[in-house]
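Novice: Below: one structure in structure tokens.
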Amino acid sequence: MFHPLIRTLVKVAVASLIVGTILTHFGITPEKLIKEFGLSYERIEDLARRGLAWAGPNFLVGAMVILPVWFLFYLFRPPGGSSQKQD
């Protein structure tokens, strides 16, 4: 399960480095992009804090329901019913 996820994350990281290098070559910097969108670092920080303040409690409440349900399904699944491919 983690192998395709790691492969995808590496692809995204490499693509981001390539695009970032090309944009920097043309003089496009993060500071210019932030100013172009009419934002400031303080505003971005405030938005991130507000987003985490909203998502944190909702994530915890959802996990309190989902994790026990998943655990019950895991415990009572038929034996030998592994859905992972064997290479």
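Novice: Report whether or not ILE44 is assigned by TED's automatic domain parsing to the domain that holds SER16 and without any contact (Cβ under 8 Å) to a residue 40 or more places away in the chain. Walk me through it before giving the result.
Specialist: On the way: assigned by TED's automatic domain parsing to the domain that holds SER16: no; without any contact (Cβ under 8 Å) to a residue 40 or more places away in the chain: yes.
Judged against the criteria, ILE44 is not a match.
Novice: Could you grab me the full set of residues in segment 14-36 that are more than 24 Å from LEU47 (Cβ to Cβ) and assigned to a helix (DSSP H, G or I)? Spell out the reasoning first.
Specialist: If we filter segment 14-36 for residues that are more than 24 Å from LEU47 (Cβ to Cβ), which is where we start, we get 14-15, 17-18, 21-22, 24-27.
Passing the criteria: VAL14, ALA15, LEU17, ILE18, THR21, ILE22, THR24, HIS25.
The values are calculated or read from the model by the stated rules, or taken from the named source; none is laboratory data. This one's a predicted model, so the numbers in the text were calculated from it and none came from an experiment. Here Cβ is always computed from backbone atoms with ideal geometry, including for glycine, and neighbour counts include all displayed protein chains.
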